[in-house]
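First the structure, in the form of structure tokens, and then the observations on it.
The values are calculated or read from the model by the stated rules, or taken from the named source; none is laboratory data. Note that the structure is a prediction, hence the values are computed from the model and not measured. Cβ coordinates were reconstructed from backbone atoms using ideal geometry, including for glycine residues, and neighbour counts include every protein chain displayed.
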Amino acid sequence: MTVYKRILLILAITYYNLAGAADDRISRNQYIETWKTEAISQMGAYGIPASITLAQGILESGDGNSRLAKQGNNHFGIKCHNWTGKTIHKDDDKKNECFRKYESARQSFQDHSEFLSKRGRYSFLFDLKPNDYKGWARGLKTAGYATNPKYATLLITLIEKNNLQQYDNMVLPINNHSNTSNSFLFAGLSKPQTSKHSIYIHNNNIKYIKVKSKDTFYKISKEFGMHLGQIYKYNDLSDKNFIKEGDIIYLQPKRKKAKVESHKVKENETLQGISQLYGIKLKSICKKNKLEAETILQQGQILELR
């Protein structure tokens, strides 16, 4: 084969590979259509705006076309961080950095939700209104999710240009002003069971229910179409705790401060119980009073709540 023919052959192969790569790419609209339902589902389970999840997926994965997304099913650029699963490496802020590799892209969406909800530096985001995508975008930048100084602006622009905020509204609770609403209804998801509980509004503006006989955390989470982790998180509880008839279970995050200035501790009261009583986060009470969550309170002790 002559040199000229070899060059033509190389050019033909290169063109074929490039054309094949181009054909394999998906558009932004295709990405949104493919993953909008999953983003809505994750919002229903964890409270992260669907618009934020989609915008981060678009930005971090190049509309699902990046090497991390295609070879590692990693749509959010999450690095290893004590990860024990499979990994994939690429240059980022440093050369050959370690990123998480997933069995499926859906697993990546799930891990993204858990990554944000289980790390303290992102906890303040869950105090925002569920459709405050601008607050979330700015908060992610502040918390250090990405090093790009324009990260928040990029997310907000993606959301508004592609009308991603419409998917947040599909997850917001209906009958907002009723204390007898039977459930939260999530568009695109299966309808939750008919509620056995009335929904009340705490004076700190938080939806809650009262525990009935034979209730469990799992039954409550299923009834309201929530993730079990949300129930624990919103109520400063864990799977080691028990509930009894008459307990308050919040269906939304508690606040950073109460409506009253202080509380005088009664016999056998706990910090967690007081946080439930006033609809204030346990960590907020601890911070205001310089206490640990396990601190045993003294009768007559005064706790600051604002």
Might you let me know whether segment 202-213 holds any residue that is among the basic types (Lys, Arg), in contact (Cβ under 8 Å) with a residue 24 or more places away in the chain and within 15 Å of Gly44 (Cβ to Cβ)?
-> yes
Going by the conditions given, is Ile209 more than 18 Å from Glu114 (Cβ to Cβ) and buried (at least 17 other Cβ atoms within 10 Å of the Cβ)?
-> yes
Go through segment 187-287 and tell me which strands (runs of 3 or more DSSP E), entirely inside it, have 1 or more residues that are among the small types (Gly, Ala, Ser).
-> 262-264
Consider only pairs whose beta carbons are under 8 Å apart and that are at least six residues apart or on different chains; among these, list those whose first residue lies in segment 111-134 and is in a helix (DSSP H, G or I) and whose second residue is polar (S, T, N, Q).
-> His112/Gln42; His112/Thr53; His112/Gln56; Ser113/Gln42; Ser113/Thr53; Phe126/Ser117; Tyr133/Ser51; Tyr133/Gln165
In segment 296-305, how many residues are in contact with a Ser or Thr (Cβ under 9 Å, 6 or more places away or on another chain), assigned to a loop (DSSP other than H, G, I, E, B) and surrounded by 12 or more Cβ atoms within 10 Å (Cβ to Cβ)?
-> 2
Would you mind finding the one in Lys118, Lys95 that is on the phi < 0 side of the Ramachandran plot, surrounded by fewer than 14 Cβ atoms within 10 Å (Cβ to Cβ), in the same structural domain as Met43 (by TED's automatic domain parsing) and of a type in the set (D, E, K, R)?
-> Lys118
Could you list, in sequence order, the residues of segment 241-264 that are surrounded by fewer than 15 Cβ atoms within 10 Å (Cβ to Cβ) and over 14 Å from Lys288 (Cα atoms)?
-> Asn241, Phe242, Lys244, Glu245, Gly246, Lys259, Lys264
Would you point out which residue out of Lys233, Lys283 is at pLDDT below 95, surrounded by 18 or more Cβ atoms within 10 Å (Cβ to Cβ) and under 27 Å from Leu116 (Cα atoms)?
-> Lys233
Which of (1) hydroxyl-bearing (Ser, Thr, Tyr); (2) in contact with a Phe, Trp or Tyr (Cβ under 6 Å, 6 or more places away or on another chain); (3) closer than 11 Å to Leu305 by Cβ does Ser262 not meet, given it meets every other one?
-> (2)
Could you say which residue among Glu269, Glu294 is over 21 Å from Asn203 (Cα atoms) and touching a helix residue (DSSP H, G or I) at 6+ places or on another chain (Cβ under 9 Å)?
-> Glu294
Residues being of a type in the set (Val, Ile, Thr) and either more than 17 Å from the chain's Cα centre (by Cα) or assigned to a loop (DSSP other than H, G, I, E, B) (or both): count how many of those fall in segment 135-155.
-> 2
Flag for Phe126 being crowded, with 20+ Cβ neighbours inside 10 Å and in contact with a Pro (Cβ under 6 Å, 6 or more places away or on another chain) = yes
